[in-house]
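What follows is a set of notes on a single structure, which appears directly below.
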Amino acid sequence: MPAQAQAEKSFTGAGSEWRVYGGDQGASRYSPLDQINLFNVHRLKPAWIHHTGDKIDRPKTMIQCTPIVIGDAMYLTTARLQIRALNAATGEVLWNFDPYQGERSSRARGVNRGVTYFEDGRDKRIFAAIQSKLFCLDARTGELIKSFGENGIVDLKQDFDRDMEGLFYKCTSPPVIYEDLILVSGGGGEGPRREGPGHIRGYDVYTGKRRWIFHTIPFPGEFGYETWSPDSWDVNGGTNNWAGMSLDTERGWLFASIGSPSFDFWGGDRIGDNLFGNCVLALDAKTGKRVWHYQIVRHDVWDYDLAAQPSLVRLRKGDRLVDAVVQTTKMGLIFVLDRETGEPLFPIEERLVPESDLPDEKLAASQPVPLKPASLGRREFTEDLITDISPEAHQFVLKKFRAARTGGLYTPPSKQGTVIYPGFSGGVLWGGISFDPDRNWMYVNSNETTNLCTIVDGKPEDKFRFNHAGYIQLLDPEGYPAIKPPWGKMNCIDLDSGEYVWREVLGEHVELTARGIPKTGTLSFGGSVATRGGLVFIGASADPKFRAFDAKSGAEVWEWELQAGCNASPCCYEVGGKQFVAVAAGGGRPKLGIPAGDEIAVFSLG
């Protein structure tokens, strides 16, 4: 069989529906639909707009949800985490379920990136992991299925193999279905207070009973236990999967991208490399047993948690086709691993890391850095890269820069204050990649951000030794990034060769353009979808624009201004012979002064 035919046979894609969060179980975010294409995309207009009706501005809500579409029904979560079904062709509300019904609070309820669908004959279910609870609803009515868990709900702080009393825990990304299991991730915060860990669990899809658990902080006697302090399994937290998991249905393997251990910026109480923090982790989906892992950051003290789903793709190495895992990172590094073994498919270099001067801290001596593909951003922030959009901006940042500790990637936090570049929202976040299986090209948006991390002593009444002065962005006086533009890009990489095909600026600060400053790009939150129509759709930028790029050349070929910016990835589907592209415009980025929105915007050819 020709290689192209083999590749197509192994790749299912999203089809005419968008049945799971990432488009398909491998999170390729690819649609084989081509009714909307390069030749007619200029005719793309809103087919319908649904207003969720529950946005608030104090504190601001946002929508990070990617809707799923099964048949002619769309399922999503709203600005304040209601679960809703719409007619996917018209936007008509079919049903609504509010997990917080009866509560008087008008506060924002956090974020959620979508729901999960399960079908077994006439049994059709919607699962939603909202904060610390897993809800099971009848997909046709929106009513709780009372035979699941306790009257349709599983408390995810129970059956945890650890006392979770008083510990923070939440889920933000959709669970994964494998056969008769629903696989759930999530976990605690980033400290410095005690936090819950991010253990991954498999539940019976019918009853809600726990069938297995994988400890992301190993217990005594388990693989990896020796990479922590002896009591870490009982006292440390973090190590959660918050960005979503992927599934290899043929192998029956679950892939998870694991976050950093807590406390984020000091690890003197968790001596060692800290498996399975910052790992790409492959588990047997049926049993939860570890198949393999690859640790991307050892003993993380930079908040470099893996913030995107692992994407399962197939690429060519020489004369053979290889199943691979692509893991993007906040550092702008891209790891391409053999899906069967976890071995890198491009060369990796071990880079020495400076030692920390904080008490009892012991960093890993080196960290892995891929040589291919090249980093999405600049590897080091030096004085010559300080912003030049105005003399005032340059001098303001220069003063702060010279007062802080600076260096390359993995310069440790300090009491002096360390410039962390790439910053905590740098590189790639939860939008991950989209992948074209015909070309083996990946598309990914990336950020250039910088933070100033200053370690401070805990207060006498605190139960922790060190804290930090806050998640402080290094910005100019007007609130723009401290580094020279561009601050946001759209990138295309040929995964067969590891080479870039094109790179384009993504997003615009129109007020800067009006001052004669070339288009700078903006920070972006959310990702893209690639289509067989030769297009890559993306919102994500700080400006309220939804855009389409020519997948081959990178030229921007269409845009539409929305009510607010998008913090979510789009989806693409077909109903009644018509192709639609949908995206949530939820706005609500307080630090960027962006108002909250409540639109689910759905486009088709006019």
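The one condition from (1) modelled with pLDDT under 95; (2) of a type outside the set (Phe, Trp, Tyr); (3) buried (at least 22 other Cβ atoms within 10 Å of the Cβ); (4) more than 25 Å from Asp57 (Cβ to Cβ) that Val69 does not meet is (1). Candidates in segment 354-390 are the residues that are hydroxyl-bearing (Ser, Thr, Tyr) and under 22 Å from Leu512 (Cβ atoms); of these, the one that is nearest to the chain's Cα centre (by Cα) is Thr387.
Looking at this structure, is Arg379 basic (Lys, Arg), under 24 Å from Leu275 (Cβ atoms) and surrounded by 14 or more Cβ atoms within 10 Å (Cβ to Cβ)?
Answer is no for this residue.
The set of residues in segment 190-205 being touching a Phe, Trp or Tyr at 6+ places or on another chain (Cβ under 7 Å) and of a type outside the set (D, E, K, R) consists of Gly191, Pro192, Gly196, His199, Ile200, Gly202, Val205.
To keep it simple, each residue is scored yes or no on (1) over 23 Å from Leu345 (Cβ atoms); (2) in a loop (DSSP other than H, G, I, E, B).
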position: Asp264; (1), (2): yes, yes
position: Gly267; (1), (2): yes, yes
position: Ile271; (1), (2): yes, yes
position: Val280; (1), (2): no, no
position: Arg298; (1), (2): no, yes
position: Leu321; (1), (2): no, no
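Does Glu195 fit the bill of being among the acidic types (Asp, Glu), under 25 Å from Asp303 (Cα atoms) and open to solvent by 10 Å² or more (accessible area, probe 1.4 Å)? Outline the logic, then answer.
On the way: among the acidic types (Asp, Glu): yes; under 25 Å from Asp303 (Cα atoms): yes; open to solvent by 10 Å² or more (accessible area, probe 1.4 Å): yes.
It is true that Glu195 is among the acidic types (Asp, Glu), under 25 Å from Asp303 (Cα atoms) and open to solvent by 10 Å² or more (accessible area, probe 1.4 Å).
Of all the criteria given as (1) farther than 29 Å from Gly527 by Cβ; (2) in a strand (DSSP E or B), the one not satisfied by Tyr443 is (1).
When segment 485-519 is filtered for residues that are crowded, with 16+ Cβ neighbours inside 10 Å, in contact with a strand residue (DSSP E or B) (Cβ under 7 Å, 6 or more places away or on another chain) and part of a loop (DSSP other than H, G, I, E, B), the ones remaining, listed by number, are Pro486, Trp487, Leu495, Leu506, Gly507, Lys519. Of the numbered criteria (1) farther than 23 Å from Asn467 by Cα; (2) buried (at least 22 other Cβ atoms within 10 Å of the Cβ); (3) of a type in the set (Phe, Trp, Tyr), the one Tyr304 fails is (1).
Can you tell me how many residues in segment 470-479 are under 15 Å from Glu392 (Cβ atoms) and either among the basic types (Lys, Arg) or open to solvent by 20 Å² or more (accessible area, probe 1.4 Å) (or both)? Total meeting the criteria: 4. Counting the residues of segment 372-429 that are more than 19 Å from Thr520 (Cα to Cα), among the hydrophobic types (A, V, I, L, M, F, W, C) and either part of a loop (DSSP other than H, G, I, E, B) or modelled with pLDDT under 95 (or both) gives 5.
Within segment 13-56, being open to solvent by less than 40 Å² (accessible area, probe 1.4 Å) and either in contact with a Pro (Cβ under 6 Å, 6 or more places away or on another chain) or assigned to a strand (DSSP E or B) (or both) holds for Gly13, Trp18, Tyr21, Tyr30, Ser31, Leu44, Trp48, His50. Being open to solvent by 30 Å² or more (accessible area, probe 1.4 Å), at negative phi and in contact (Cβ under 8 Å) with a residue 40 or more places away in the chain narrows it down to one of Ala128, Ala85, Ala139, Ala89, so name that one. So the residue among Ala128, Ala85, Ala139, Ala89 that is open to solvent by 30 Å² or more (accessible area, probe 1.4 Å), at negative phi and in contact (Cβ under 8 Å) with a residue 40 or more places away in the chain is Ala89.
Table: residues versus (1) buried (at least 24 other Cβ atoms within 10 Å of the Cβ); (2) in contact (Cβ under 8 Å) with a residue 24 or more places away in the chain; (3) over 14 Å from Ile334 (Cα atoms).
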| residue | (1), (2), (3) |
| --- | --- |
| Leu398 | no, no, yes |
| Arg402 | no, no, yes |
| Arg405 | no, no, yes |
| Gly408 | no, yes, yes |
| Gln416 | no, yes, yes |
| Val428 | yes, yes, no |
| Ile433 | yes, yes, no |
| Met442 | yes, yes, no |
| Thr454 | no, yes, yes |
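When Asp163, Asp98 are screened for being open to solvent by 10 Å² or more (accessible area, probe 1.4 Å), of a type outside the set (Phe, Trp, Tyr) and free of Cβ contacts under 8 Å to residues at least 12 places away in the same chain, only Asp163 passes.
The values are calculated or read from the model by the stated rules, or taken from the named source; none is laboratory data. The model shown is predicted, which means the values in this text are computed figures rather than measured ones. Glycine gets a Cβ as well: all are built from the backbone with ideal geometry, and neighbour counts include every protein chain shown. These accessible areas exclude ligands, DNA and RNA; they are computed on the full protein's heavy atoms, side chains included. Shrake-Rupley method; radii C 1.70, N 1.55, O 1.52, S 1.80 Å.
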